[in-house]
């Protein structure tokens with residue numbers, strides 16, 4: 001969404017756009033893939049690392065960096081859609097995207113004979129994370145629900161959170177096992193939740209002074225924290241007894257998260273003292 005807000009309103013040549021994106025995305029993709037491939041090889045001596053790299057399987061959380069490559073390839077097309085006169089094309093794309101995303105999640109409640117509807121009607125063209133770029137740009141330029149107040153967005157945020165919790169509890173009870181189906185990136189409730197958080201952040205005029213410095217510091221290190229945190233979480237769980245379910249089911253995840261972020265931040269802050277590491281961390 002942030003990428004959509006900052007990129008879709010611009011005009012530049014394909015050469016300039018792709019050269020800038022390549023410089024920003026390829027170094028972290030290569031670096032963090034290499035880190036996790038070496039880590040896996042150290043423990044398993046697996047020799048299939050070229051396949052894992054090409055398939056985006058160096059580490060499960062790196063899917064986002066790989067996805068950015070495909071998303072950036074689609075940005076010039078989305079720019080044409082977003083910058084067209086009026087909002088008709090953008091609205092059409094977003095509506096089709098939300099409907100398609102809803103079907104891919106809620107089809108678990110459909111009879112088996114209806115599971116191929118999206119393929120039959122060729123709605124899969126609208127499936128994927130590219131809709132988030134249009135959503136982010138529309139919110140940033142106040143083209144989506146411009147009359148909605150901060151309280152209105154806050155109410156939608158609470159509704160989306162409650163809807164997610166209720167659906168997750170219900171579906172998990174029905175299947176007999178914990179399910180994260182409705183936490184999927186393209187679940188409509190998560191799309192709504194993301195939109196409300198983004199809209200509320202855009203409406204924040206100024207941070208409290210006590211939060212300004214730490215948030216900027218963590219923000220500068222966010223790419224590196226994202227890259228290294230899986231290693232840290234694994235070590236916390238294996239060696240220091242801090243899995244998310246430790247002792248108290250409410251306190252455990254908070255303690256684990258704070259510990260993982262703090263340790264990851266310290267590592268990345270140190271790495272960024274090396275000039276060339278700032279491109280990947």
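All conditions in (1) within 22 Å of residue 127 (Cβ to Cβ); (2) modelled with pLDDT of 90 or more; (3) assigned to a loop (DSSP other than H, G, I, E, B) hold for residue 73, with the sole exception of (3).
Scanning segment 263-277 for residues that are assigned to a helix (DSSP H, G or I) and surrounded by 15 or more Cβ atoms within 10 Å (Cβ to Cβ) yields 263, 264, 265, 267, 268, 269, 271, 277. If you go through segment 105-117 and keep only what is modelled with pLDDT of 75 or more, surrounded by 10 or more Cβ atoms within 10 Å (Cβ to Cβ) and closer than 20 Å to residue 182 by Cβ, you end up with 105, 106, 107, 108, 110, 117. Only one of these is buried (at least 18 other Cβ atoms within 10 Å of the Cβ) and either more than 21 Å from residue 3 (Cβ to Cβ) or assigned by TED's automatic domain parsing to the domain that holds residue 17 (or both): 62, 158. Name it. Result of the check over 62, 158: 62. Going through segment 199-228 one residue at a time, which ones are buried (at least 20 other Cβ atoms within 10 Å of the Cβ) and within 26 Å of residue 60 (Cβ to Cβ)? Result: 221, 224, 225, 227, 228. The set of residues in segment 6-61 that are in a loop (DSSP other than H, G, I, E, B), in contact (Cβ under 8 Å) with a residue 40 or more places away in the chain and farther than 30 Å from residue 87 by Cα contains only 59. Yes or no: residue 10 surrounded by 12 or more Cβ atoms within 10 Å (Cβ to Cβ) and within 29 Å of residue 223 (Cα to Cα)? The answer is no for residue 10.
Just the residues that are without any contact (Cβ under 8 Å) to a residue 12 or more places away in the chain and touching a helix residue (DSSP H, G or I) at 6+ places or on another chain (Cβ under 6 Å), please, taken from segment 164-208. Within segment 164-208, 178, 179 qualify.
The values are calculated or read from the model by the stated rules, or taken from the named source; none is laboratory data. Remember, it's a predicted structure, so these values are computed and weren't measured experimentally. No Cβ is skipped: glycine too gets one built from the backbone with ideal geometry, and neighbour counts run over all protein chains shown.
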